[in-house]
Amino acid sequence: MTISTLIRLISIALGVIVVWYLANLIGNYIISRISRLNYRGNKQRVITLGSLITWVIRVIIGVSGVVWILRTLNIDPSPFIAGAGIIGLAVSFGSQNLIRDMINGFFIILENQYDIGDEVKIGPIQGVVEDLTLRATRIRDDSGALYTIPNGSIVQVANLTEKWSRISYVMSVSNKESLEKIESVVSYVRDRMVERYKEDIIEGPKIEGIQSFDSSTVKLVISCKISPHRKRLLEPFFLLSLKEGVENANLSIV
């Protein structure tokens, strides 16, 4: 090995170290930028995203450094690259579902589609997100069952707590009841909700509209727009207040 070759190897090694250090700086910068954008997710999700991007950059730097060193030593890197490609192809066939899960999980986190604590509906499953990783999402429903859903199988998701939530109830009343009596019930519910949970009430409670009616009954939708993640706390009180309002007004429900 000549002196010039040794100097080139040292230069390449120093270059790889410097770029590796820059990769760490880029990862930290990405994490700080996401945090400044009022990222809704928790801190761990931000760290996961930044770490993943940093890891990808490191892999690219490492592979590039090895190729440069081989070429400096007059060794053709093509056979190594081809061998790595064959191995990678074999691995990809065996783990394509895992790769799909992780890619989809990456975009779920990047796009902030939902996070831990959100109430979501994925297919027939509805519940609160208890854990979110690059590979899978774990949801607990109202019965207490915990579902583990691979991220790659998630095609469509409904986030029920994005920015705000809604409490609603369909109340069937006799069509002989006056609108004033019905409005007095809703007003009672509104006063009770504001008295107890003023900070969480965004709009309502109010009569949202008529769902359906027939010759004897009218089905009214009573709804209240509230802060996200508060539905499970406020909904029982909403229903209790509605029951009290109906009893106080002697409203005939069917």
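The values are calculated or read from the model by the stated rules, or taken from the named source; none is laboratory data. What you see is a predicted model; the values in this text were computed from it and never measured. Counting neighbours? That spans all protein chains shown, and the Cβs are built from the backbone with ideal geometry, glycine included.
Remarks
- Meets criteria (surrounded by 17 or more Cβ atoms within 10 Å (Cβ to Cβ), touching a Lys or Arg at 6+ places or on another chain (Cβ under 7 Å), farther than 25 Å from residue 238 by Cα and not assigned by TED's automatic domain parsing to the domain that holds residue 240) for residue 105: yes
- Residue in the range 179-187 that is within 38 Å of the chain's Cα centre (by Cα) and within 26 Å of residue 142 (Cα to Cα) present: no
- Answer residue from the range 177-208, given it is modelled with pLDDT under 90 and among the small types (Gly, Ala, Ser) and is nearest to residue 242 (Cα to Cα) among those: 204
- Any chance residue 150 is outside the structural domain of residue 220 (by TED's automatic domain parsing), modelled with pLDDT of 85 or more and more than 30 Å from residue 240 (Cβ to Cβ): yes
- Of the set (1) without any contact (Cβ under 8 Å) to a residue 40 or more places away in the chain; (2) surrounded by 20 or more Cβ atoms within 10 Å (Cβ to Cβ); (3) in contact with a Pro (Cβ under 9 Å, 6 or more places away or on another chain), all apply to residue 135 but (2).
- Residue check, residue 242 in contact with a Phe, Trp or Tyr (Cβ under 7 Å, 6 or more places away or on another chain) and under 29 Å from residue 143 (Cα atoms): yes
- Residues (in a loop (DSSP other than H, G, I, E, B) and touching a helix residue (DSSP H, G or I) at 6+ places or on another chain (Cβ under 8 Å)) located in the range 114-138: 114, 115, 116, 133, 134, 135
- Condition check for residue 123: of a type in the set (Gly, Ala, Ser), over 28 Å from residue 225 (Cα atoms) and over 13 Å from the mean Cα position of the chain (by Cα): no
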